[in-house]
1. Which condition from (1) farther than 23 Å from residue 526 by Cα; (2) at pLDDT below 65; (3) open to solvent by 40 Å² or more (accessible area, probe 1.4 Å) is the one that residue 609 breaks?
2. Among the numbered criteria (1) modelled with pLDDT under 90; (2) exposed (fewer than 14 other Cβ atoms within 10 Å of the Cβ), which single criterion is violated by residue 368?
3. Quick one: residue 391 ticks every box in (1) small (Gly, Ala, Ser); (2) at pLDDT below 90; (3) touching a helix residue (DSSP H, G or I) at 6+ places or on another chain (Cβ under 6 Å) bar one, so which box is it?
4. Which count do you get for residues in region 54-69 that are among the aliphatic types (A, V, I, L, M) and modelled with pLDDT under 50?
5. Is region 272-283 home to any residue that is within 26 Å of residue 238 (Cβ to Cβ) and part of a strand (DSSP E or B)?
6. Looking at the structure I just gave you, is residue 206 at pLDDT 90 or above, open to solvent by less than 10 Å² (accessible area, probe 1.4 Å) and under 30 Å from residue 93 (Cβ atoms)?
7. Do any residues in region 445-469 that are without any contact (Cβ under 8 Å) to a residue 12 or more places away in the chain and within 18 Å of residue 255 (Cα to Cα) have Cβ atoms under 8 Å from those of residues that are in a helix (DSSP H, G or I) and among the hydrophobic types (A, V, I, L, M, F, W, C), where the two are at least six apart or on different chains, and which pairs are they?
8. Report yes if some residue within region 520-543 is open to solvent by 50 Å² or more (accessible area, probe 1.4 Å), modelled with pLDDT under 75 and under 14 Å from residue 496 (Cα atoms); otherwise report no.
Amino acid sequence: MDYKEIANKIMPDLGYKTKDFRYQTWYVNKLTRRSIGPKFKAGGWKWHVLLNPSKYIDWGKISIYLQIADSQISDINWRVNVQFALILWNSKKPTQYFSRQMYHRFNAEEPKRGFDWNYHEFYDHNNRTLSLIESSSCNITVLVRVLEDSKIDGYVGLKNPGVKNTLLNSVIQSLFYIKYLRRAVYQIPIESDKSAKSIASALQRVFIKLNTSDSKVEATELSKFFGWDVFCINNGREMIRTIQDDLENKMKNTKADGTISKLFIGTMKTYIKCVNIDYEFLQVNNYYDIQLNFKGCKTLDDAFMKYIQEETLQDDNKYYTIDYGLQIAKKNVIFESFPPVLHIYIDQFEYDVQNSFIINHLDKFPAKIDLQKYLSPDVDRSKSYKYLLHGILVQDTLSQNKYSALLRPEMNRGWVLFDDDKVTPVSLEYNHEDILKYKVVYMLVYIRESDIDEILSSIIPKDMPKSLLEEENAARERRIKELTEGHQYMQVWIVTEKIIKNHKGIGLFNIDDTTHWPLSKIHKFKVLKKETYSDFKKMVSEKFKIPINQIRFWAFTYRPNIGIRIIGIHEFINDHFLDLTMKKIKNNMVHFRELRLYMEIMEMPMIMQISPIIIFLKYFNPDTQSLENLGKIYFQDKNTVDNIYPTLCKRKQFSPNTPLDVYVDFRTCFCGSCIQYTAILCIISIKSNHSV
C-alpha cells in the first residue's frame with residue numbers, strides 16, 4: 001500500500017516544504033475503551049494516537065487525537081507544524097475507509113489535535129458492503145507530514161465559546177487583520193481597571209492576545225457585550241456595525257478619532273423623478289457597506305450593475321410625496337465614492353411561497369476588481385478605484401450557525417482559513433471547490449490597492465498599549481510556569497457541601513455557573529502527580545479539620561445541555577485506591593483539564609457504612625417554579641420509596657401524610673454497568689397540576 005499516494009489524495013498540498021513523512025497503523029481491538037496507540041517518530045518527534053470514547057453510549061461519539069508523546073521537553077516554547085490525516089479502515093477490505101485531515105501547529109499548550117467521530121459513521125452501509133467496525137475493533141492509520149516553519153506562524157485562532165454559532169469569531173478575525181484599524185483600537189485610552197467595560201476595551205484585550213499569543217485565544221469578554229444574542233445572531237452586518245459604532249464613539253477626541261469613517265465610509269447618491277408630475281428628489285448618503293442581491297446574477301459585476309440600474313417604483317412600491325401622495329417614479333442609485341476598506345454582503349437567501357429559502361451561491365469572486373464603472377459621471381477619475389480581495393466570510397450550509405473566515409493577512413502571502421481555533425493555510429487558486437464545499441459566501445472584504453501599504457502596515461510593539469502588553473506578558477509567564485510545572489503537578493478542585501447546598505438550579509451543581517459561585521469559592525490545590533491518594537486525603541483532612549474517615553470524594557462529569565453531575569467512580573475509597581497516585585486517578589477521569597471533586601462529609605465514619613445509597617434531595621415549589629436544596633439522606637438498597645416518605649416530609653416540615661411527587665433527576669452506579677445505584681438526585685414536590 002503506497003501511503004504517500006494516499007496522503008497526496010487525502011491531504012491537499014499547502015505549498016510548504018515537507019521535512020518528513022511518516023505513517024503508523026494501529027489495530028484497535030476495543031474502540032469503546034480509552035487507550036493509547038504505539039509510539040512512532042516523525043520529524044524527530046515522538047507521537048502516538050489517543051483514543052477517547054464517550055463514557056455515555058447515548059452520546060454516540062468517539063474522539064481520536066494525534067498527540068506529542070515526548071513527556072520531557074526542555075524548551076517550553078517548542079512548536080512543530082504538522083499536516084496529518086486519521087484513517088479508520090476495515091482490515092478485510094482496506095478500500096473501505098473513513099478519513100479526516102487537518103493542519104495544526106503543535107505546542108506546549110496544544111500538544112494534541114484530532115476529531116470527534118459519530119459511531120453511526122463507522123457502521124454506515126450506504127456506501128460500503130462492510131462496516132468499518134467489527135466486534136468493536138478496526139484499524140487506525142495516521143499519516144503525518146512534518147512541515148517546514150509555516151507561513152502562518154504568528155496567526156492564532158479563537159476558541160469556540162461552547163456554542164454552535166461562531167459568527168463573532170469570524171468577525172473578530174476579519175477586523176483584526178485590518179491593521180490600520182487594529183493600531184487605532186490600541187490608541188483608545190485604556191480602562192482604569194482590568195475588566196472590560198465596553199466593546200472597545202474588550203476588543204483591545206482580544207487583539208492584544210491575538211497579537212502576542214502562540215495558541216488559541218478566548219473572546220469571552222467581548223461576547224458578553226452582545227448578551228445571549230451572540231449565540232443566535234446570524235447578522236454579521238449588524239454585528240460589525242455595532243462594533244464600529246462603539247469604536248467610533250470611544251475614539252472621539254483621541255489620536256484615533258475619525259478612523260472608522262476614514263476606513264469604512266463611502267457615499268452614494270439617490271435620485272428619484274416622478275413620471276406623471278414635475279417632482280424630483282436628490283439625496284447623498286454615507287454608507288458603511290453594500291448589500292448585493294445575486295438573484296439572476298452569476299458574477300460580482302452582474303450584481304453591481306443590478307444595484308445601480310434604474311428601478312421603476314410602481315404598484316405596491318410607489319414613491320410617496322408629501323404634496324402629491326403615492327406616485328409612479330424612476331429611481332437611480334449611483335456611487336459617489338468607495339471607502340478604502342469595502343465590505344460587500346451577499347444577500348444569500350431568497351424567500352418564496354414554495355420554498356422556505358433558496359441559497360444564492362456566489363460561484364466566483366474576482367481577486368481584483370475596478371469599481372470605477374459604478375461611479376457617478378461627475379466623480380474625479382484621476383484616483384484609482386482598483387481593489388484587491390482581502391477576506392471572505394463563509395457560512396456552512398450544513399450548520400447555518402457555523403462561520404469561518406478566509407483571509408490574506410499579508411497581500412504578498414497566501415490565504416489562511418480561520419475556523420474557530422483551527423488556522424490552516426489554503427490555496428484558493430488550486431483548492432477553490434474543496435474549500436467552499438458546503439459553504440456559501442457571506443461577506444467579501446476588498447481593500448483599495450493604492451492604500452494597501454498604509455492599511456496593512458505591520459504592527460510593532462510600540463503600537464500596542466504598554467499596560468495591556470505587560471498584562472498579557474505576565475499572563476504568558478504564568479502560563480509558561482504552569483506548563484513547566486505541569487510535568488510534576490496537577491490541579492485539583494474541591495467543591496464543598498456548602499456550595500452544593502447553595503446551588504439553586506437543575507442538577508447537583510454546575511461548576512461553570514460562576515454567577516452564584518465564582519471560581520474563587522472553589523478550593524484549588526496544586527498536587528504532585530506522584531503523590532498518593534492517601535497523602536492527598538491526609539492533606540485535605542488537615543486543611544478542613546475534618547476526620548479523615550468521614551471524607552470521601554466523588555468525581556464530577558458533564559452531560560450536554562444538563563450541567564454538572566456526579567458519578568460514583570471513587571465514592572468508596574478501598575485500600576488499593578489509597579495507594580494509587582493522583583495522576584492515575586485523574587487518568588480515569590478525562591472530562592476536565594483538572595481533577596474536579598465533590599467532598600462529601602459522612603454523617604458517620606465510612607467504615608460503619610455498609611453499601612449505603614446516597615440520595616440528594618431538592619424541593620420544587622410549583623408556585624414560584626424554584627428549587628430548594630434539602631441536603632442528603634442515606635438508606636440501604638432494600639428500602640422502598642415508601643420507607644423514606646416520612647423523612648422527605650420531615651425535611652420540608654410537612655405533615656407525615658402530605659402527598660408528594662418524587663422525580664429522579666439523575667442516578668449513577670459504582671461500576672457504570674450494574675443496576676445498583678449508589679447516588680441519586682431526587683426532586684420532590686407537593687402533588688399538583690404543575691409540572692416540574
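The values are calculated or read from the model by the stated rules, or taken from the named source; none is laboratory data. These numbers come from a predicted model, not from an experiment. Virtual Cβ from ideal backbone geometry, glycine too; neighbours counted across all protein chains shown. Each accessible area value is taken on the protein alone, full model and side chains, heavy atoms only, with ligands, DNA and RNA left out. Shrake-Rupley method; radii C 1.70, N 1.55, O 1.52, S 1.80 Å.
1. Of (1) farther than 23 Å from residue 526 by Cα; (2) at pLDDT below 65; (3) open to solvent by 40 Å² or more (accessible area, probe 1.4 Å), only one is false for residue 609: (3).
2. (1)
3. (2)
4. Number satisfying all stated conditions: 1.
5. yes
6. Considered against the rule, which asks whether it is at pLDDT 90 or above, open to solvent by less than 10 Å² (accessible area, probe 1.4 Å) and under 30 Å from residue 93 (Cβ atoms), residue 206 comes out as no.
7. Every condition considered, the pairs that remain are 461/469.
8. Looking for residues that are open to solvent by 50 Å² or more (accessible area, probe 1.4 Å), modelled with pLDDT under 75 and under 14 Å from residue 496 (Cα atoms), one finds at least one in region 520-543, hence yes.
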